[in-house]
Amino acid sequence: MTKILHLGQTLSFTGDPFVEGPAAATHSSRGGVLIEGGRVIATGEADALRANHPGAEVTDHGDGLILPGFVDAHMHYPQTAMIASWGKRLIDWLNSYTFPEEMKFADRAYANEIAGRTLDLAIAYGTTTLTSFCTIHPGSVDAFFEATQARGMAGFAGKTCMDRNAPDGLRDDARSAHDDSEALIERWHKKGRATYVITPRFSPTSSPEQLSALGALWAAHPDCLMQTHLSEQVDEIDWVKGLYPQACDYLDTYEQHGLLGARGLYGHAIHLEPRETDRLRETGAGLVHCPTSNTFIGSGLFDMAARVAEGQRIGLASDTGGGSSFSMLRVMGAAYEIGQLKRNPIHPAQLLWLATEGSATVLHSEGEIGRLAPGAMADMIVLDLASTPGIAQRSAVASDIWEALFPTIMMGDDRAIAKTYIAGRQMKG
């Protein structure tokens, strides 16, 4: 089996920069990543790696910064075609744009087209792992996982379950939600790089009976993940309170039905009550920050400093198509901007960690994705830190790697992604 040695600048983490600060990261101006069989087998300084592996094939990226591929912990691939739709709050936006688009996924050919388009866009923007809601149609799940497998990508996804407050053609029921999801678990979960995620859209579109059925399914398949939405907008929370008058808060609508746990992913989680933050921390649940979506739809400002201080597990996501960009660079930039509005400027080391290892951790895949270290899959990108004239003139006078990287976080796009590799196979560049 051929060993391939990738040389360039490298940046890796030995700890959590939210705990240890920027010192948790190690930068080499001339480092390397050695790959064999689709996995990383060694990292270190370029000269040492060349000396220790003289037979390795060398790919030299010059000043390019070699990083793990980005991990998007919450998105909706069926919304790709209607990304950046104008001017609605969440509930109106769902009814005006999302639900009509999702109806089209009854057509398996259309689902195949959009799944492929979404993954190719992700690769172009340096994202190598997606965590996606599908639609109520089982074929939409098949389309997503077939597309990830064709590209060798790690994929996390599930059938979106809704049995009320949705149009005809986008509703299932408690029994079909359970049975369809269980059949999809048998077909896809842990097959290759696929992970099934049990997926109630959110409490307003699921009856108590459906939530209970999905809670029972999760209990029967505890190694699956579960994803949903939580406390995205204030008017959504009021809606939930009216639909679930016996619940003490939004999170309780999930907890009462067996849908709170360490392998749960709770998207947005902006407007949380103290009891909710306590229970999320106690159970080790994952919160997924979706900054471009939260600003685009006007949802609110996620309080990163408070959640970190509580010890929450946090990932980062595009939430396309509510999020207005496929680029995790743009998502990191928006997270920084929201942090500024909350009087908490997030360091570039922390932003990068959220988009890689942080998201991998909430997906319970740390060490497998989001990291370039021995044993990890060789999902990686090469970042051009001078991809546009504006970025180049700023990075040219940077005093350290963070000053060199930050302009790309704030102003970079797909042009900054010089190359993308999935399991060691070059997919862009």
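A few remarks follow.
- Summing Cβ point charges (Lys, Arg +1; Asp, Glu -1) relative to the Cα centre of the chain gives a dipole of roughly 700 debye.
- Accessible surface of the chain, 1.4 Å probe, proportion on carbon and sulfur as whole %: 51
- Across Lys88/Lys342; Lys3/Lys428; Lys159/Lys241; Lys88/Lys241; Lys190/Lys428; Lys88/Lys419, pairs whose alpha-carbon gap is larger than 28 Å: Lys88/Lys419
- Rounded to the nearest 20 debye, dipole of segment 48-100 from Cβ charges on Lys, Arg, Asp, Glu: 280
- Mean Cβ count within 10 Å, highest first, over the residues of peptides 377-385, 160-168, 304-312: 377-385, 160-168, 304-312
- Solvent exposure of segment 167-234 amounts to 34 Å² per residue of accessible area, where only protein heavy atoms count and the probe is 1.4 Å.
- Take every DSSP beta bridge whose two residues both sit in the chain; close to 45 percent of them are antiparallel.
- The residues of segment 98-138 expose, per residue, 29 Å² of accessible area to a 1.4 Å probe.
- The convex hull of the Cα atoms of segment 13-53, projected and averaged over all directions, covers 3.5 nm².
- Charge dipole (debye, nearest 20) of segment 276-429; +1 at Cβ of Lys and Arg, -1 at Cβ of Asp and Glu: 240
- Listed residue (Ile114, Val382, Ala220) projecting farthest to the positive dipole end of the chain, Cβ model: Val382
- The Rg/Rh ratio for the chain, using Cα coordinates for both the radius of gyration and the Kirkwood hydrodynamic radius, is 0.97.
- Most positive-pole-ward Cα, Trp239, Phe202, Ala177, against dipole of segment 175-239 from beta carbon charges: Ala177
- Per residue, in Å², the accessible surface of segment 318-358 once ligands and nucleic acids are set aside, probe 1.4 Å: 27
- Per-residue Karplus couplings for segment 71-81, computed as 6.51 cos²θ - 1.76 cosθ + 1.60 with θ equal to phi - 60°, are listed in order as 10, 8, 8, 6, 7, 10, 4, x, 9, 4, 6 Hz, Gly and Pro entered as x.
- Farthest toward the positive end of the dipole of segment 1-100, out of Ile91, Gly44, Gly32, is the Cα of Ile91, where the dipole comes from beta carbon charges about the Cα centre.
- Whether segment 345-384 is rounded, prolate or oblate, judged on the alpha carbon gyration tensor where a/c under 1.5 counts as rounded: oblate
- Report note on the peptides 289-301, 235-247, 408-420: ranked by the mean count of other C-beta atoms within 10 Å, highest first, their order is 289-301, 408-420, 235-247.
- Calculated [θ] (222 nm, deg cm²/dmol) that DSSP helices of n ≥ 4 give over the chain, each run adding -39,500 (n - 2.57): -10500 deg cm²/dmol
The values are calculated or read from the model by the stated rules, or taken from the named source; none is laboratory data. Owing to the predicted nature of the structure, the values given are computational and were not obtained by experimental measurement. Cβ coordinates were reconstructed from backbone atoms using ideal geometry, including for glycine residues, and neighbour counts include every protein chain displayed. Just the protein is used for accessible areas: all its heavy atoms, side chains included, with ligands, DNA and RNA removed. Shrake-Rupley method; radii C 1.70, N 1.55, O 1.52, S 1.80 Å.
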